[in-house]
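Please read the structure below before turning to the comments.
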Amino acid sequence: MGKKRKHQQKNNDEAIIETSETDSNFSPSKKQKNEECLAEEDIVHDWSHDDVVTLFNNIEAQLPQTDTIKFDRRLDQIDWELIKFKNFLPEECKDYAKSFIQKIRKYRTLSEVVSDAKFQLDNPNTDLKTGKMNYPDKPKKPTTAFFRYFIDRRSKYQSQNPSLNQSELAKLIANKFSTLSEKKKAKYIRDYEKEKAEYDEKMKKFRHDHPELLKDKQIRKAGPSKPLKPFDIYFASRSKKYDEPNSKETSELIRSSWNNLSDIKRFKWIKRSIQDQKRYKDELDEYLKMFPKYKPPQMKSILSKSEKELKNKIEGRPEKPPNSGYMLYSKKMLTELTDVPSKEKMVIIAQRWNELQPEEKEKFNEKASKMQAKYATKFKTYLQQFSPEEKALILEELKVKSNNDKNQQQSIRNSALIGYQMEEIKRLGKEFPNKNRGELIDEINNNWNQLSEKEKEKYFSLAKSLQNYLPSTSTGSSDNQKKLLEVQFIEASGFKRPPKNGFSLFCTEMLPKYSHIKPTEKMRHIATIWKEKLSEKEKNSYIDKSKKMNDDYRTQLDHFKKVLY
């Protein structure tokens with residue numbers, strides 16, 4: 001028994017040493033865990049396989065049919081007097097059950113835990129927490145030179161410094177080891193190298209006995225080499241000229257040289273990096289055909305933000321304009337609010353935007369729409385200089401899909417006609433009140449066909465501006481088509497989407513009254529009024545009004561759909 005305790009203490013010491021090397025902040029809690037592991041080992045030696053099976057069968061017999069509470073609470077609630085058997089006391093049964101369950105995933109009912117416990121008994125080499133196989137015949141790694149020194153000197157330094165905790169003691173021994181002469185270190189290094197040679201031989205046999213491990217490892221580490229960033233390609237090219245290419249001094253010199261490159265020279269390496277990215281994609285496609293189960297790693301962009309901006313500038317890519325009137329206004333105001341702290345700028349801009357008259361907001365919206373239309377034309381011209389493969393990479397980077405030109409033109413023609421129909425139907429409805437909607441639409445379509453291209457131009461301009469910020473209308477994307485249709489309806493008819501519910505309608509009315517309050521506090525203040533100061537009758541009034549507004553809006557939108565289809 002004394003030898004057994006000595007062996008367990010040695011294992012415990014090695015566990016503490018390994019922890020100290022990987023984590024310099026060696027904490028007492030880790031020692032406590034090691035001691036708990038030893039305690040578990042003592043229990044395990046007293047229980048046979050049949051005893052453990054009996055234990056969990058007895059536990060299972062005491063569980064309710066609908067076990068819904070967490071397993072640790074259930075362990076404390078069940079009657080262990082009914083579970084004990086042979087010479088095992090109730091406390092022993094409970095302690096062993098808890099120690100065995102530590103090997104299994106937690107936060108489940110005891111019924112589920114017992115099921116896993118039985119599986120663990122039948123599959124002792126499977127780690128249920130990770131799902132990986134544990135191989136009992138796998139050789140243990142040799143103890144390093146420092147670990148050997150730590151074991152050798154630990155008792156001595158611990159007795160000399162009883163006030164030190166485990167973390168401080170590990171640091172002290174590490175400092176002592178680092179100051180040892182090469183001659184004194186040689187003994188520990190020799191012992192390690194001898195054990196390492198034996199370990200390598202055992203691992204060869206282990207890999208031979210388990211060829212599936214090598215196959216899994218090859219699949220995980222295989223695949224084409226990742227594409228290199230511009231600086232990585234530059235570094236590989238320049239480091240060949242130095243005697244010590246991997247030294248810190250060489251890295252600093254090459255980095256300094258890279259930082260001083262002109263834009264044109266840097267662009268050369270950016271292009272090489274993009275070519276390497278294409279090489280990676282081609283090789284990956286071929287590799288996946290050969291190994292369909294291979295999971296390629298997630299790739300980040302190979303270009304930094306500044307490199308993307310430089311590439312776009314040299315290639316002549318047009319700058320994307322603000323996508324709304326508010327964004328255009330924000331961009332303008334940001335250049336003017338130079339003395340305002342960054343955190344307060346957007347708050348002030350939002351307040352000033354809300355104070356603008358509708359006519360002023362409309363001017364910004366119209367300007368933003370025109371800028372979007374110009375951008376679309378310039379971007380299309382810009383794409384024409386690239387091959388189909390390069391164009392695909394650019395569009396993939398922007399996360400957009402190229403629309404079919406024919407479908408795009410048809411969409412613009414439909415939008416222009418709809419705009420004309422919505423404008424004319426109001427006028428003709430008053431002029432010919434006895435005609436139904438279908439008759440009016442027929443007359444409007446005839447009038448449209450008789451218009452000259454110059455007369456249609458203003459409707460086409462509106463339709464084109466809409467195309468640049470409306471959702472994609474790819475075939476089969478019904479959600480996008482619905483959004484497109486609704487936005488077209490709003491823009492063409494002048495209707496506004498009503499508040500979704502009574503509270504939203506109340507907020508719409510109250511927001512202008514509290515423009516002096518910070519946006520972060522404004523909604524909280526309005527919500528408090530809604531909850532605490534409004535009567536149920538007043539709330540219902542807003543709810544009913546909102547419902548009527550949505551019904552009217554939906555009716556008009558349905559009429560719009562009938563006109564289109």
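The values are calculated or read from the model by the stated rules, or taken from the named source; none is laboratory data. The structure displayed is predicted, hence computed values, not measured ones. Positions of Cβ are generated from backbone atoms using ideal geometry, with glycine treated the same way; all protein chains shown enter the neighbour counts. SASA here: full protein model, heavy atoms, side chains in, ligands and nucleic acids out. Shrake-Rupley method; radii C 1.70, N 1.55, O 1.52, S 1.80 Å.
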Dipole-positive endmost among GLN277, SER262, ASN175 within the stretch 170-302 (Cβ charges, Cα centre): SER262
Length added when fully stretched, TRP258-ARG437, from 0.36 nm per residue minus Cα-Cα: 57.5 nm
From phi via Karplus (6.51, -1.76, 1.60), per-residue ³J(HN,Hα) for the stretch 85-96 in Hz, x at Gly/Pro: 7, 6, 9, 7, 6, x, 5, 5, 4, 5, 5, 5
Cα-projected label distance for LYS86 with LYS140, points at 7 Å along beta-carbon direction, nm: 2.7
Chain lengthening between LYS370 and SER155 when straightened (0.36 nm per residue, less Cα-Cα): 69.3 nm
Potential lengthening between ASP76 and LYS176 on full extension [0.36 nm per residue; Cα-Cα distance subtracted]: 31.1 nm
Phi to ³J(HN,Hα) by Karplus 6.51 cos²θ - 1.76 cosθ + 1.60 over the stretch 312-322, Hz, x for Gly, Pro: 4, 5, 5, 7, x, 5, x, 6, 6, x, x
Label point distance in nm, ALA61-SER225, each placed 7 Å from Cα along Cα→Cβ: 6.6
Residue-level accessible surface for ILE543, protein heavy atoms, 1.4 Å, Å²: 80
Solvent accessible area, Å² - ARG190, 1.4 Å probe, full protein context: 150
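Could you rank HIS49, HIS525 by how accessible they are, 1.4 Å probe, largest area first? If you can, show how the numbers build up before the last one.
Working: HIS49 100, HIS525 75 Å².
Result of the area sort, largest leading: HIS49, HIS525.
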Separation of the LYS268 and ASN323 label points, Cα + 7 Å toward Cβ, nm: 3.8
Probe 1.4 Å, all protein chains present, accessible-area order of PHE206, PHE386, PHE432, largest first: PHE432, PHE386, PHE206
Coordinate range along principal axes, alpha carbons of the stretch 297-348, Å, largest first: 42, 28, 21
HN-Hα J in Hz across the stretch 188-204 - Karplus 6.51, -1.76, 1.60, θ = phi - 60°, x for Gly and Pro: 5, 5, 4, 4, 5, 5, 5, 5, 5, 5, 5, 4, 4, 5, 5, 5, 4
Mean-position separation - Cα centroids, the stretch 51-101 and the stretch 136-150, in angstrom: 38
Accessible surface of VAL53 - all protein chains present, 1.4 Å probe, nearest 10 Å²: 50
The stretch 228-311: Rg to Rh, with Rh as the Kirkwood radius over Cα pairs: 1.07
Heavy-atom accessible area ranking, 1.4 Å probe, most first, across LYS547, LYS118, LYS293: LYS293, LYS547, LYS118
Average projection area in nm² (convex hull over Cα atoms of the stretch 262-367, one quarter of hull surface): 11.6
